[in-house]
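Q: Structure in structure tokens, see below.
Every number in this text was worked out from the coordinates using simple rules, so none of it is lab data. Computed from a prediction, not measured in an experiment: that's the story for all the values here. All Cβ positions, glycine included, derive from the backbone under ideal geometry; neighbour counts span all protein chains shown.
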Ligand SMILES: [Zn+2]
């Protein structure tokens, strides 16, 4: 299907002009075109320009969408989610509201261990149905590419079940769904006193199988004291690379533990969280070109301090923002909400927040050659929002401004 979007009041292209990712002041350059048009042909962007430049003589083999009064921008790329899970943690949320900490709830067998019990008991069909429901809602909120991690199974069969389900959703859904293996998300209860035996299981059995079956694009680890130490994380990520998966790291969330330097050392595509990152980690990430994937919703929901977004951007580390949607520490996948939190709590500008949620999110998934900006040749993944200016996306919060989502050139019905 071919589609011409005409009379766009404000087109936010986030044009990368051949770059993989934006850093520093470049993050504030949104490549805005007023009174614009975009032609989508066979799923790709075929033309971008002003309505004055539009050549009416082209063969009229497209349907049209009038975007007068709308801001059009690239679909959001949510580069970090745990959107496949079973059960909920609303009870834990209520306990936290009365002062219980996330770590205390986990020590009492709640938290992630509760989700793991539910996921192990759930069938693949049930997991898919729940995630499919979330994906439909994400698209209404403007997300067109989402990464989904395993990591609530923590045994061979349950991790493979999750990854197979995520891969099937990628085939069945309009959304681009990127699978990540996160077997080292937590230490499962049966290995409570023997982390090294669990690491050996991941390295010797699970990763080779996941690699052979091509079930995951990335291998991620939760690098943290009392979870997976730096040396254990490094062993898992190196084996993941050997099995064909690019490394990602949950780094420096609860303590400064060297996860950012680890990400740089193993050539990770992104280091995520970074609430406690230090100067050495920032320098190492800049040198290695690791994307900092920040998760504003987690700090907001757990009330545990924000990543130093301003320092990272001013140090020329490429910054992305993602939702980290999961039942325990961020029960939201609204990318506009993440942008609002990034602006109000992390001192990012609205322009930086948009770049972080689009092009740099795509870079955190190694996909910025095809998505994340509105440029000729890229996938026609766009959204139209009924707002007078792009700044309203973060500024006017708590409501959905997205009126149209276009995925691979197809206008979604909802
Ligand atoms: Zn996470």
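Q: Note down the nm distance, to one decimal, between modelled labels 7 Å out along Cα→Cβ at residue 157 and at residue 117.
A: Once both label points are built, they end up 1.9 nm from each other.
Q: Still on this structure: Starting from the Cα coordinates of the range 95-165, work out the convex hull volume and express it per residue in Å³.
A: Spelled out: Cα convex hull of the range 95-165, divided by residues, is 118 Å³.
Q: Between 0 and 90 degrees, rounded to the nearest ten: what's the tilt of helix 112-121 against the longest Cα principal axis of the chain?
A: 80 degrees
Q: Now a separate question. Looking at the chain as a GNM with Cα springs under 10 Å, which of 301, 218, 228 has the largest mean-square fluctuation?
A: In the Gaussian network model the winner is 301.
Q: Between 0 and 90 degrees, rounded to the nearest ten: what's the tilt of helix 279-288 against the longest Cα principal axis of the chain?
A: The answer is roughly 60 degrees.
Q: Residue 314 to residue 344: FRET efficiency via 1/(1 + (r/R0)^6), r the Cβ-Cβ distance, R0 25 Å, to the nearest 0.05?
A: 0.85
Q: Stretched out fully, how many nm does the piece from residue 192 to residue 280 gain, at 0.36 nm a residue minus the Cα gap?
A: Stretched fully, the residue 192-residue 280 segment lengthens by 28.5 nm.
Q: Moving on to the next point. Run through all the Cα pairs of the range 147-195 and give the fraction in each 5 Å bin from 0, expressed as whole percent.
A: Pair shares across the bins are 5, 23, 25, 19, 13, 8, 4, 2, 0.
Q: Can I ask one more? Relative to the compact globular guide of 2.2 N^0.38 Å, what is the alpha carbon radius of gyration of the range 275-414, as a ratio?
A: 1.07
Q: Follow-up question, since we're still on this one. Hey, quick one: spin label on residue 209, modelled 7 Å out along Cα-Cβ, who in the range 143-159 has an amide N within reach, i.e. under 18 Å?
A: 150-159, by backbone N distance to the label point.
Q: Right, another one. For the peptides 313-319, 240-246, what is the packing order when you average, over each peptide's residues, the other Cβ atoms within 10 Å and list the highest mean first?
A: Top to bottom by mean Cβ count within 10 Å: 313-319, 240-246.
Q: Take the Cβ-Cβ distance between residue 226 and residue 399 as r, set R0 to 56 Å, and report the resulting FRET efficiency rounded to the nearest 0.05.
A: 0.90
Q: Considering only 351, 172, 386, give the residue with the highest GNM mean-square fluctuation for the chain, with springs between Cα atoms whenever their separation is below 10 Å.
A: Comparing 351, 172, 386 in the GNM, the peak value goes to 172.
Q: In addition: Please provide three numbers in whole Å: the alpha-carbon extents of the chain along the principal axes, with the largest listed first.
A: Result, largest extent first: 71, 44, 44 Å.
Q: Any idea what angle helix 124-140 forms with the longest principal axis of the chain, computed on alpha-carbon atoms, 0 to 90 degrees, nearest 10?
A: Long axis of 124-140 versus the principal axis of the chain: about 40 degrees.
Q: Mean-square fluctuation check for the chain, GNM, Cα pairs under 10 Å: which of 145, 358, 101 is largest?
A: Result: 101 has the largest fluctuation of those listed.
Q: What ranking of 26, 66 emerges when the number of other C-beta atoms within 10 Å of each C-beta is taken as an exposure proxy, fewest first?
A: 66, 26
Q: Then there is this: Show me 131-140, 325-334, 266-275, 75-84 ranked by packing, highest mean number of other Cβ atoms within 10 Å first.
A: Top of the packing list down: 75-84, 266-275, 325-334, 131-140.
Q: Report the gain in length on full extension from residue 57 to residue 34: 0.36 nm times residue separation, minus Cα-Cα distance, nm rounded to one decimal.
A: 6.1 nm
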